[in-house]
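Each remark here refers to the structure printed beneath this line.
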Amino acid sequence: MDVTLVMALRDLLEPESVAIYRTVGEPGAERWLTRAHLRAGDAVASADPLWAKPEALPLVSEHPLRLEAMRSLTVTQVARAGQWLYLFPIATERDVVGVIEILSTRRLGAGSQRLVSSVLRIYHNFQGLLDYSERDTLTGLLNRKTFDESFLKVLGELPLRPPPGEHGAEDRRHESAVPHYVLGVVDIDHFKSVNDRFGHLIGDEVLLLLSRLMRGSFRFHDLLYRFGGEEFVVLMRCDEDVHAGEAFERLRLNTERYAFPQVGRITVSIGFTEVRRGDSPAAAFERADKAVYHAKAHGRNQVHNYAALVASGVILEAAQPSDMELF
């Protein structure tokens, strides 16, 4: 949608460039993510990669005009070296998320600005429809319907087979360049008792607050899902399992330390597994869920790595289908 939007505005206004920037990251450390940037002579739009490292992105303070447009919810226009810069805020039903930046050699009249605003209203409506179909209405996290598609996209980035002789130094360097993804399952401990004791409205508030804790515990590009009830899923890219473990442990601690209104303290049990070559969404979820079950059975309020449980002999892994080719 962002690419389509900048292409439409370029065709309508013929400016020097059109770009969409969104704010990402934790409060106090937000950065600008380029969603789409199209210059007058470009055939395709450029953008920051989805898995861009936050430290590689510019801080929001480096572009104060964008911030001002977002905060004021008004169109900002600035004359700059014989050109005109226009900033239009982008809002969703929940928040103001970014700006459209238009650079033009000529000043946009009132009619052109109304045209941009009209296009943005259409964009807003389409975004609302997408959110309605792809996001959980209570928490705003992605819903279960979108998970399989995202998982298969992740799977497409993994090689189908390990490189030959991967135990060599050269192949280990090659392996480090291959993206690694982790799937985690987060389950609220004793959530049924929360609903039974305080009612479903308070239970819903717990779910909403936990979703906010999740956003604060993971990176902006980690994919967060509510699967229904008290079960959440995280799909994240990381270099090593230990980094994933640190992120999940951060969520566990943040949840344990948070004082939920009326309810007080709650905890979560978490299991995670690396996404494997040729995996299926169900198979990866089942492995992570087994790690959650182990946490539940051994005291709750824990984080467990499925691979570590298998290596220690705590969990016996079912035999996998052979990769042998048949001729």
The range 60-104 - residue that is basic (Lys, Arg) and modelled with pLDDT under 90 and, of those, nearest to TYR21 (Cα to Cα): ARG71
- request: Tally the residues that are of a type in the set (A, V, I, L, M), under 16 Å from LEU120 (Cβ atoms) and either touching a residue at least 40 places away in the same chain (Cβ under 8 Å) or open to solvent by 80 Å² or more (accessible area, probe 1.4 Å) (or both), restricting the search to the range 8-66.
  value: 7
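Quick grid of which residues meet (1) farther than 23 Å from LEU207 by Cβ; (2) surrounded by 14 or more Cβ atoms within 10 Å (Cβ to Cβ); (3) hydrophobic (A, V, I, L, M, F, W, C):
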{"site": "MET236", "(1), (2), (3)": "no, yes, yes"}
{"site": "GLU249", "(1), (2), (3)": "no, yes, no"}
{"site": "ARG252", "(1), (2), (3)": "no, yes, no"}
{"site": "PHE260", "(1), (2), (3)": "no, yes, yes"}
{"site": "LYS290", "(1), (2), (3)": "yes, yes, no"}
{"site": "TYR293", "(1), (2), (3)": "no, yes, no"}
{"site": "ALA311", "(1), (2), (3)": "yes, no, yes"}
{"site": "LEU316", "(1), (2), (3)": "yes, no, yes"}
statement: Within the range 111-144, restricting to residues that are at pLDDT below 85 and open to solvent by less than 30 Å² (accessible area, probe 1.4 Å), the one that is nearest to the chain's Cα centre (by Cα) is GLY128
message: Can you pull out every residue in the range 77-110 that is open to solvent by less than 40 Å² (accessible area, probe 1.4 Å) and of a type in the set (S, T, N, Q)?
response: THR92, SER104
- request: Within the range 17-44, work out how many residues are farther than 23 Å from TRP84 by Cα, in contact with a Pro (Cβ under 8 Å, 6 or more places away or on another chain) and small (Gly, Ala, Ser).
  value: 2
- prompt: Can you name the residue in the range 262-276 that is more than 24 Å from the chain's Cα centre (by Cα) and not charged (D, E, K, R) and, of all such residues, is surrounded by the fewest Cβ atoms within 10 Å (Cβ to Cβ)?
  reply: GLY264
message: Quick check on my filter: what residues within the range 219-234 are surrounded by fewer than 19 Cβ atoms within 10 Å (Cβ to Cβ) and closer than 26 Å to ALA297 by Cα?
response: PHE227, GLY228, GLY229, GLU231
message: Anything in the range 67-76 that is out of contact with any Ser or Thr (no Cβ under 8 Å at 6 or more places or on another chain) and either buried (at least 17 other Cβ atoms within 10 Å of the Cβ) or of a type in the set (Phe, Trp, Tyr) (or both)? List them, or say none.
response: THR76
- line: Counting only helices (runs of 4 or more DSSP H) wholly inside the range 237-327, the ones holding at least 3 residues that are touching a residue at least 40 places away in the same chain (Cβ under 8 Å) are 241-257, 281-297
Members of the range 27-43 that are among the aliphatic types (A, V, I, L, M) and part of a strand (DSSP E or B): LEU33, ALA36, LEU38
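The values are calculated or read from the model by the stated rules, or taken from the named source; none is laboratory data. Nothing here was measured: the structure is a model prediction, and the numbers come from that model. Neighbour counts run over all protein chains shown; Cβ positions are idealised from the backbone, glycine included. The area values use the complete protein model at the heavy-atom level, side chains included, leaving out ligands, DNA and RNA. Shrake-Rupley method; radii C 1.70, N 1.55, O 1.52, S 1.80 Å.
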